[in-house]
Amino acid sequence: MRFNRRSVLCSVSAVALVAGLTVTAAVSAPATAAGPNTTYLVLAPQGHSTAVAASRVAAAGGTVVANYSQIGVLVARSTNPSFGAVAAGAGVEAVAETTGLGTVLDDDTVIEMVDSSTVGVTGDPTGEPLFGLQWDMTQIGVEAAHAVTTGSPNIVVGVLDSGISSTHPDLATQIAKDKSASCLGGVVDTTEAAWNPTTSSHGTHVAGTIAGAINGVGIAGVAPGVKVASVKVVNDAGFIYPEAAVCGFLWAADHGMQLTNNSYFIDPWEFNCRNDARQRPVWQAVQRALRYSQSKGVLNVASAGNSNVDLQHKFIDSGSPNDGSSPPEDRIITGACLDLPAEAPGVVTVSAVGTLQLKSYYSSYGQGVVDVAAPGGDTRQPDPTVSTLSHAVLSSTFNTVTHTDGWGYMQGTSMAGPHAVGVAALALSAHPNLTPGALASFLERTAEGLPCPAGVYNPRPGLAQYLAECSGGNRTSFYGAGEVNAFNAVR
């Protein structure tokens, strides 16, 4: 998706880190005027039970709304303005308020809607009525791959996003409804209405790219034989909060999903700095969730982001937080600051390319950060002076105003991620014994190597903010091991 410069919202306003303090659990909350009902992440020490932490939550005037005992994380709510300070103590490693700690999902990404006719089902992706507009599928060898496999129905991809339209003709048969859920507020809701989209078409577009059915209508997905599960982490206001993402990772892990797609990032800032006490609890909770999911056999794939920044090197972030809740701060981004989940260990990070297999002008990059590239679209390719709609990515959409299903173009690293996930799903279908680590390595080994563009990359002449410099040989900062290739992955 085209995030609005990978927009991110405000800072943590109450964080308490306590280590080695001896305090009894029965601490009474101070008598203060009630404040707004606020959500908190409460972390028990790694490997410890959440029982003591839960008792401290109650003593501080809070309520546990979700207990992720697998990773020692509680989601709590309280109207006590002093909750963070009171809940901290023995049995609690960290407390973080998540009010305003959300990433805004810019859904202004439907560049153009496309009508689809209905044709006979051929079993061939090229027979779908809109396949001729799907340059992205041809670019990564989907037609040849489907001659080998379209994917196994035993594979379920968790789409952690804004929800998937369960009525869409290209997706109605593709959704694993028994594994779909809303994770808003960090609390699971499995009703169908809860995991359908309400204010964003993003998740439906992503799901179509992964698994759009070959049914004689609309488009074809990379792996139409697999299933997708809607794991809704974007609320009605368009925000992704860390408690929802943590819930999503654990839900996918505990419900047999082999892959997740994550076209978003988690942070009140553009980058989460582990050496900043305001942000460390978020990193800890997300990292625990990711490690747990990996232990359950899940490979998590994430988009690199749309800021056109070199994630490997130090730079100044002057745009966070950007929601007006507090003035933006100038921060030096170092190796202690990560884009989550894209830069977390074990996560496959995907950059975007356009129709010329060149880095999309918006795509972030970085030597040792980007693992592979995939089609994300670039309306500036091939002619940088002309905006060509067909150079974005066509997939399924859902009109949240008229509540109608359709097809449309979007572009962004959010569109690149699901191509890589689809190829991984095909690879796992053809080679079912691959572990998450082996699958990630296999995705890289079967990618089509792409060389660095010569000189300083200038995809939009006259706009200096889009200049970028590529580095590396066999693995480059723009493309990692190269662009994913579906046919290479299944043969």
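Only residues that are modelled with pLDDT of 95 or more and open to solvent by 40 Å² or more (accessible area, probe 1.4 Å): list them for the stretch 473-487, please. Selection gives Arg475, Phe487. Looking at Leu426, Leu467, can you tell me which residue is open to solvent by less than 50 Å² (accessible area, probe 1.4 Å) and not β-branched (Val, Ile, Thr)? Testing whether each residue is open to solvent by less than 50 Å² (accessible area, probe 1.4 Å) and not β-branched (Val, Ile, Thr) leaves just Leu426. Pairs meeting the criteria (first residue in the stretch 52-80 and farther than 17 Å from Gln284 by Cβ, second residue among the basic types (Lys, Arg) and modelled with pLDDT of 95 or more, beta carbons under 7 Å, at least 6 apart or on different chains) are Gly62/Arg77; Thr63/Arg77; Val65/Arg77.
Quick check on my filter: what residues within the stretch 163-181 are small (Gly, Ala, Ser) and in a loop (DSSP other than H, G, I, E, B)?
Those that are small (Gly, Ala, Ser) and in a loop (DSSP other than H, G, I, E, B): Gly163, Ser165, Ser166, Ala172, Ala176, Ser180.
Yes or no: the stretch 124-135 includes at least one residue that is more than 29 Å from Glu444 (Cα to Cα) and at pLDDT below 80. Checked the stretch 124-135: no residue is more than 29 Å from Glu444 (Cα to Cα) and at pLDDT below 80. No other residue among Gly151, Gly47 is touching a Leu at 6+ places or on another chain (Cβ under 6 Å) and either in a loop (DSSP other than H, G, I, E, B) or acidic (Asp, Glu) (or both) apart from Gly151.
Being open to solvent by 10 Å² or more (accessible area, probe 1.4 Å) and either touching a residue at least 12 places away in the same chain (Cβ under 8 Å) or not small (Gly, Ala, Ser) (or both): is that true of Trp195 here?
Spelling it out, it is not the case that Trp195 is open to solvent by 10 Å² or more (accessible area, probe 1.4 Å) and either touching a residue at least 12 places away in the same chain (Cβ under 8 Å) or not small (Gly, Ala, Ser) (or both).
Determine, yes or no, whether Gly218 is over 22 Å from Phe239 (Cβ atoms) and touching an Asp or Glu at 6+ places or on another chain (Cβ under 6 Å). Yes, satisfied. Residues of the stretch 218-242 that are over 30 Å from Gly123 (Cα atoms) and at pLDDT 95 or above: Lys232, Val233.
Give the stretch 260-289 a look and list any residue that's at pLDDT below 95, touching a helix residue (DSSP H, G or I) at 6+ places or on another chain (Cβ under 7 Å) and assigned to a helix (DSSP H, G or I), or say none. Passing the criteria: Val282, Ala285, Val286. I need the full set of residues from the stretch 439-464 which are out of contact with any helix residue (DSSP H, G or I) (no Cβ under 9 Å at 6 or more places or on another chain) and either modelled with pLDDT under 95 or surrounded by 18 or more Cβ atoms within 10 Å (Cβ to Cβ) (or both), in order please. Leu450, Pro453, Ala454, Gly455, Val456, Pro461, Gly462, Leu463, Ala464 - these are the residues of the stretch 439-464 that are out of contact with any helix residue (DSSP H, G or I) (no Cβ under 9 Å at 6 or more places or on another chain) and either modelled with pLDDT under 95 or surrounded by 18 or more Cβ atoms within 10 Å (Cβ to Cβ) (or both). Just to check your reading of the model, which residue among Ser152, Ser165, Ser78, Ser116 is open to solvent by less than 40 Å² (accessible area, probe 1.4 Å) and at pLDDT below 95? From the options Ser152, Ser165, Ser78, Ser116, the qualifying one is Ser116. Taking the listed residues Val86, Val142, Val92, the one that is surrounded by 19 or more Cβ atoms within 10 Å (Cβ to Cβ), β-branched (Val, Ile, Thr), more than 22 Å from Ala424 (Cβ to Cβ) and at pLDDT 95 or above is Val92, with no other qualifying.
Residues that are hydroxyl-bearing (Ser, Thr, Tyr), touching a strand residue (DSSP E or B) at 6+ places or on another chain (Cβ under 7 Å) and outside any strand (DSSP E or B) within the stretch 433-491 comprise Ser477, Tyr479, listed in sequence order. Checked against (1) touching a Lys or Arg at 6+ places or on another chain (Cβ under 8 Å); (2) open to solvent by 20 Å² or more (accessible area, probe 1.4 Å); (3) more than 30 Å from Arg77 (Cβ to Cβ), Val157 passes all but condition (2).
Per-residue answers, yes or no, for (1) farther than 20 Å from Tyr292 by Cβ; (2) open to solvent by less than 10 Å² (accessible area, probe 1.4 Å); (3) assigned to a helix (DSSP H, G or I); (4) touching a Pro at 6+ places or on another chain (Cβ under 9 Å):
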| position | (1), (2), (3), (4) |
| --- | --- |
| Val57 | yes, yes, yes, no |
| Val64 | no, no, no, no |
| Leu74 | no, yes, no, no |
| Ala96 | no, yes, no, yes |
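Counting only residues that are in contact with a strand residue (DSSP E or B) (Cβ under 7 Å, 6 or more places away or on another chain) and at pLDDT below 95, the stretch 186-200 holds 1 of them. Look at (1) part of a helix (DSSP H, G or I); (2) surrounded by fewer than 24 Cβ atoms within 10 Å (Cβ to Cβ) and you find that Ala237 fails only one, number (1). For the stretch 198-226, residues that are open to solvent by 10 Å² or more (accessible area, probe 1.4 Å) and under 20 Å from Thr260 (Cβ atoms) total 2. Only residues that are of a type outside the set (A, V, I, L, M) and in contact with a strand residue (DSSP E or B) (Cβ under 6 Å, 6 or more places away or on another chain) were counted in the stretch 217-229, giving 2.
The values are calculated or read from the model by the stated rules, or taken from the named source; none is laboratory data. Keep in mind that this is a model prediction, so the values were computed, not measured. Every residue, glycine as well, gets a Cβ built from its backbone with ideal geometry; the counts of neighbours run over all protein chains shown. For accessibility, only protein heavy atoms count, side chains too; no ligands or nucleic acids. Shrake-Rupley method; radii C 1.70, N 1.55, O 1.52, S 1.80 Å.
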